[in-house]
Amino acid sequence: HIDEKDGSRIKVDSAHLNYQIDQQEPVRQLIYNKLLVGRGHEYMLVLNDGTKVWMNSKSELSYPVAFGEGVRRVRLAGEAYFEVAKDSTRPFIVEVDRGFEVKVLGTHFNVKAYDTDDSYETTLVEGKVQITRGSQTKVTLKPSEQMVIGKDGKHEVRVVNTSYYIAWHEGWFYFDDEPLEQVLTMIGRWYDVDFDFKEEKLKTIAVTGKLKRFENLSVILKMLEKTTSVRFTLTNRIVTVNK
């Protein structure tokens with residue numbers, strides 16, 4: 001257990017953190033914590049209201065130990081899958097940088113917002129979410145829709161296969177005609193390795209397939225070698241990519 005300074009007792013183990021407590025008195029002051037998940041790890045968090053958050057590797061979430069009576073607000077950098085507890089009186093807001101936030105009442109959705117990516121993605125599995133970016137953009141998504149916001153501020157809404165975008169939290173890598181560079185960025189976050197391409201054109205090779213995420217890195221690389229025309233060599237956490 002962790003004892004917080006507001007008197008909360010929190011259950012914790014190696015992969016889960018549970019903030020659900022019997023709140024006897026209204027919350028007068030929000031105490032924010034920050035959870036950092038490093039490369040090669042993932043973590044599942046149950047917030048005070050019962051909302052479940054699965055955090056992907058190299059992600060960061062700021063959240064209150066206990067929510068107050070108003071808006072339930074958290075801040076994300078990286079990627080997380082949310083199952084938000086329904087509460088019609090207290091909207092749940094996921095805030096990301098660049099003035100981008102996702103507002104819901106109770107729903108299941110994924111937000112991918114790594115600062116190294118060219119765009120941010122919000123993918124709705126069920127329920128309804130409203131996405132705002134500054135005062136310019138306000139979009140409501142329906143299930144199976146995804147909104148992509150580029151660094152240039154442009155956005156598009158598209159219908160997607162949601163299983164592809166939430167596979168990571170179920171323990172899978174799922175690639176659908178994805179460029180090899182993007183595939184290896186995702187794999188690098190999980191296995192804590194970096195990739196060195198010896199030729200630029202290798203970055204655009206398309207990859208399609210589903211791989212179990214907890215396999216040994218060498219197993220993943222061997223499977224990718226079979227389906228692409230590349231050869232991988234691992235030295236001191238650097239993987240060289242050759243023809």
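The values are calculated or read from the model by the stated rules, or taken from the named source; none is laboratory data. Note that the structure is predicted; figures quoted are calculated from it, not measured. A quick note on method: Cβ atoms are made from the backbone with ideal geometry, for glycine too, and the neighbour counts reach across all protein chains shown. Just so you know, the surface numbers come from the protein's heavy atoms only, side chains and all, with ligands and any DNA or RNA stripped out. Shrake-Rupley method; radii C 1.70, N 1.55, O 1.52, S 1.80 Å.
Give the residue that is most open to solvent (accessible area, probe 1.4 Å), with candidates limited to residues of region 207-243 that are over 23 Å from Glu170 (Cβ atoms) and hydrophobic (A, V, I, L, M, F, W, C).
Within region 207-243, the subset over 23 Å from Glu170 (Cβ atoms) is 225-226, 228-243.
Now narrow it down to the ones that are hydrophobic (A, V, I, L, M, F, W, C): 230, 232, 234, 238-239, 241.
Numbers: Val230: 6, Phe232: 23, Leu234: 99, Ile238: 72, Val239: 0, Val241: 0 Å².
So, considering only residues that are over 23 Å from Glu170 (Cβ atoms) and hydrophobic (A, V, I, L, M, F, W, C), the one most open to solvent (accessible area, probe 1.4 Å) is Leu234.
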Taking region 97-115 and keeping residues modelled with pLDDT of 90 or more and among the aliphatic types (A, V, I, L, M) leaves Val102, Val104, Val111, Ala113
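Give the residues of region 198-243 that are of a type in the set (S, T, N, Q) and in contact with an Asp or Glu (Cβ under 6 Å, 6 or more places away or on another chain), sorted by residue number. Let's see the steps before the verdict.
In the first step, residues of region 198-243 are kept if they are of a type in the set (S, T, N, Q); the result is 204, 208, 216, 218, 227-229, 233, 235-236, 240, 242.
Listed by number, the residues that qualify are Thr208, Thr240.
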Select from region 1-39 the residues that are more than 30 Å from Ser88 (Cβ to Cβ), at pLDDT below 75 and in a loop (DSSP other than H, G, I, E, B) and list them in ascending order. His1, Lys5, Asp13, Ser14, Ala15
On the given criteria, is Val193 of a type in the set (A, V, I, L, M, F, W, C) and farther than 27 Å from Val37 by Cα? no
Residues satisfying the stated conditions in region 77-89, i.e. within 20 Å of Leu124 (Cβ to Cβ) and either buried (at least 17 other Cβ atoms within 10 Å of the Cβ) or among the polar types (S, T, N, Q) (or both): Gly78, Glu79, Ala80, Tyr81, Phe82, Glu83, Val84, Ala85, Ser88
Between a first residue in region 142-167 that is touching a residue at least 40 places away in the same chain (Cβ under 8 Å) and closer than 14 Å to Ser119 by Cα and a second residue that is among the acidic types (Asp, Glu) and part of a strand (DSSP E or B), which pairs have beta carbons less than 9 Å apart while being 6 or more apart in sequence or on different chains? Ile149/Glu121; Ile149/Glu156
Pairs under 6 Å by beta carbon, first residue within 10 Å of Val148 (Cα to Cα) and open to solvent by less than 10 Å² (accessible area, probe 1.4 Å) in region 114-127, partner at pLDDT below 85 and among the charged types (D, E, K, R), six or more apart or different chains? none
Taking the conditions exactly as written (open to solvent by less than 30 Å² (accessible area, probe 1.4 Å) and assigned to a strand (DSSP E or B)), does Val74 satisfy them or not? yes
Selection from region 128-153 of residues that are part of a strand (DSSP E or B) and open to solvent by 10 Å² or more (accessible area, probe 1.4 Å): Gln130, Thr132, Arg133, Thr137, Lys138, Val139, Thr140, Glu145, Val148, Gly150
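Of the residues Phe175, Phe195, which is open to solvent by less than 20 Å² (accessible area, probe 1.4 Å) and assigned to a strand (DSSP E or B)?
None of the other options fit; the residue is Phe175.
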Say we look at region 40-71 and pick out the residues that are part of a strand (DSSP E or B) and among the charged types (D, E, K, R); which of these is farthest from Thr123 (Cα to Cα)? Glu60
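Restricting to region 50-63, and then to whatever is under 15 Å from His108 (Cα atoms) and in contact with a Phe, Trp or Tyr (Cβ under 6 Å, 6 or more places away or on another chain), can you tell me which residue is surrounded by the fewest Cβ atoms within 10 Å (Cβ to Cβ)?
Here is the first cut: in region 50-63, the residues under 15 Å from His108 (Cα atoms) are 50-55.
Narrowing the set further to residues that are in contact with a Phe, Trp or Tyr (Cβ under 6 Å, 6 or more places away or on another chain) leaves 53-55.
On the way: Val53: 23, Trp54: 19, Met55: 23.
Checked region 50-63; the qualifying residue surrounded by the fewest Cβ atoms within 10 Å (Cβ to Cβ) is Trp54.
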